Every structure is written in structure tokens, then in C-alpha cells.
Amino acid sequence: MVNNLPVITHEHDGLTIEGYSRAAVQSYWRIPELRLGFDLGAQPWSFMGTPNWFISHSHLDHLVALPVYIARRRMMKMEPPVIYLPEKNVDDVNAMLDAFVKLDRGRMPCELVGVMPGDKFELSRELVVTVVPTKHTVPSVGYIVWQRRNKLKTEFSDLSGDEIRDLRNSGTEVSEELRTPLIGYVGDSAPSGLDNNPEFFEAKILITEMTFVAPDHRKEKIHKHGHMHLDDIVSRKDQFNNECIIASHFSTRYHDQQIKSMVKKALPDMIDGRLKLWL
């Protein structure tokens, strides 16, 4: 396997989170078990087999590798991927791909799906992805990946198998759908992206940005530019019901040890050990 880019890996409850994220450098994530990824600021060779990608916004460190990924899948004779991205970006991304068709002299086969907050996409019988609003300097969205399953309604729990079968045969709906938020992906956003979407605080695994960590960086300016500060996480620490919280997209003005030191000082227990720094 060709290793062309850095990839950090973390496993949690049967799911593997892979990727890399640094502000203004590149962000790319995937969960191979779910056959989906988030953002394509670069494309590790190993990510090529993932067919569904959810783009949070159009800044280049989150999008620029899209033509490369599509072209590579074409050359490897893979099925065209499905790319979900903000509705306002679809025409411009189509124009970008058309330009690369001329430059590369090769087709760019893919399905671009424009999304808006409130949209829902069924990836399989078990997986649904919903789109939520976030706050950045360009049109942006976040995504929640839900696991769904059918459960017998409580009022029928004491019935025998034969009785339940008879009810089904008579047309009675005996089960109800239950949804569990597996993954929350915030992308780049001011804190309102968390506050306006309580599902983020309930997802089993939350991937959020924490671009700035230094105490002397002004939060008002950071929020205006659609990002979060360490203090935004600290002030909400009691709201996070997630099993795993991945903080990422750190500014390049900090080196890794600075980030670890400042976060550890502000959150000594790392939110009950659930907070993981993507470094």
C-alpha cells in the first residue's frame, strides 16, 4: 500500500476513525466500517475505496483533493463516488471538475448531491445521515451519522411469537424505528454550530474543531471567522455526553507540545478521559 499522506487512527467500540486535520493545511477523515468519509483536503491512497464523501464547506484545505480522488477512482475502474456538499457549492464544483477534465484530458465521473440543513440521506438499511447548520465564513454544514434499527413496540412485548406474527399479518405495525447518533462531524464552525445542534453532544463519537488554544487569542475574533477556541470546549464540558470527543484542526501557529500542555492545563481530566487530541 502506498503511504502518501499522514493518517492518524483511533478505534472506538468497533469503529475506526482515520484521518488528519490541521487548519489551513488539510483535513480528511473516514470511517471505513461505514464506507464514508468527511472532507477531502487531501486524499490518502488508502482512502480511495471509500465511495461516499460528505464535504462540510468549500475552503481548499477541506476540498482541494476532490478532483484527484475522482480521477484516481476512474483510473482504478471503480464505481463513480457520491459526493455530498453544500447546495450553494454544486455549480462551482461542477465548473471546477469541468476545468480539470480539460486539463487532465480524462473524465471526472461522480454524483454531486447538494445538501441543505434538514436533509436526510439513507445510505443503507442501518445508516442515515442528516445535515445540520454550522457557522463559518462560507456556506457550511455539519453531519450526523445515525444507526437505525427496528424494535418491538412496548405494548407488544408480552405477546408470543405467534401472536406478534398474527398482528403483522393483519397489517398492524408492531415495531418502531430507533435511531442512535454514531458520528457527529462539525467541520469548521463557530461555537453556535455545536449549540444549535444538540445531536452533536449526544453522538457516540464527536469530531469537532478546536482551532485555537492560547489564552491570549481573542475569542470574539475567532468566532467571527467561524472557528472555536479551547475555552469554548471548556465552557461546555458538562454538555458533552459523547463516549469519544476528537478535537482537531489546530492552528499551525502552535506546535504539538504547546497544544497538549494548554489543553491539559485547562482540562486536567480531559473530560473524564473522553477527549482525544488529533495530533
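About its Cα centre, how strong a charge dipole does the chain have in debye, to the nearest 20, once Lys and Arg get +1 and Asp and Glu get -1 at the Cβ? Please report the intermediate quantities before stating the final value.
On the way: 34 positive and 38 negative charges, 217 e Å.
Dipole of the chain, to the nearest 20 debye: 1040 debye.
Mind sorting 120, 237 by how few other Cβ atoms lie within 10 Å of their own Cβ, fewest first?
On the way: 120 11, 237 16.
Fewest-to-most ranking of 120, 237: 120, 237.
Please grab the % of Cα pairs in the range 153-279 that end up more than 27 Å from each other. If you can, show how the numbers build up before the last one.
Working: 2799 of 8001 pairs.
Every Cα pair in the range 153-279 considered, those over 27 Å come to 35 percent.
Where the Cα atoms of the range 164-214 are projected onto their three principal axes, how long is each span, largest first, in whole Å?
Here the spans come out as 64, 18, 13 Å, largest first.
Build a GNM of the chain with springs between Cα atoms under 10 Å: which of 97, 159, 123 gets the top mean-square fluctuation?
Ranking 97, 159, 123 by mean-square fluctuation puts 159 first.
Under a point-charge model restricted to the Cβ atoms of Lys and Arg (+1) and Asp and Glu (-1), what is the dipole moment magnitude of the range 1-131 relative to its Cα centre, in debye to the nearest 20? Can you show the working numbers first?
On the way: 13 positive and 16 negative charges, 106 e Å.
Here the range 1-131 has a charge dipole of around 520 debye.
Could you pull out which residues in the range 4-30 have an amide N less than 14 Å from a spot 7 Å beyond the Cα of residue 45, following the Cα-Cβ vector?
Only 4-7 pass the distance filter.
Just name one of 94, 10, 124: the one whose Cα is farthest towards the positive end of the charge dipole of the chain (beta-carbon charges, Lys/Arg +1, Asp/Glu -1).
Result: 94.
List the trypsin sites (Lys or Arg not before Pro) in the range 6-53 that DSSP assigns to loop (not H, G, I, E or B) and whose Cβ has at most 16 other Cβ atoms within 10 Å. Which are they?
Answer in residue order: 35.
Restrict the search to the range 162-236; then list the trypsin sites (Lys or Arg not before Pro) that DSSP places in a loop and that have at most 10 other Cβ atoms within 10 Å of their Cβ.
Values: sites: 165, 168, 179, 204, 218, 219, 221, 224, 236; in loops: 204, 218, 236.
Listed in order of number, the matching sites are 218.
Could you tell me the extents of the chain's C-alpha atoms along the three principal axes, largest first, rounded to whole Å?
Taking the Cα atoms of the chain, the three principal extents are 65, 54, 36 Å.
As a test of the formula, what do you get for the chain when each DSSP H run with n ≥ 4 contributes -39,500 (n - 2.57) and the sum is divided by the residue count, at 222 nm and rounded to the nearest 500 deg cm²/dmol?
-6500 deg cm²/dmol
Report the extension gain between residue 241 and residue 72 in nm, rounded to one decimal, defined as 0.36 nm multiplied by the number of residues separating them, less their alpha carbon distance.
Values: separation 169, 0.36 × 169 = 60.84 nm, distance 3.90 nm.
Gain on stretching residue 241 to residue 72: 56.9 nm.
Enumerate by residue number the GluC sites (Glu not before Pro) in the range 156-238 meeting two conditions: DSSP loop (anything except H, G, I, E, B), and at most 11 other Cβ atoms within 10 Å of the site's Cβ. Spell out each step's value before the answer.
Working: sites: 163, 173, 176, 177, 199, 202, 209, 220; in loops: 173.
Answer by residue number: 173.
Enumerate the residues in the range 194-216 having an amide nitrogen under 11 Å from the point lying 7 Å beyond the Cα of residue 10 toward its Cβ.
Answer for this model: 205-209.
Give me the distance between the Cα centres of the range 226-279 and the range 157-205, rounded to whole Å.
When both Cα centres are located, 29 Å separates them.
None of the figures in this text is laboratory data; all of them are computed from the coordinates on show. Just so we're clear, the structure is a prediction, and the values are computed from it rather than from any experiment. Quick reminder, even Gly has a Cβ in these numbers, built from the backbone with ideal geometry, and neighbours come from all protein chains shown.
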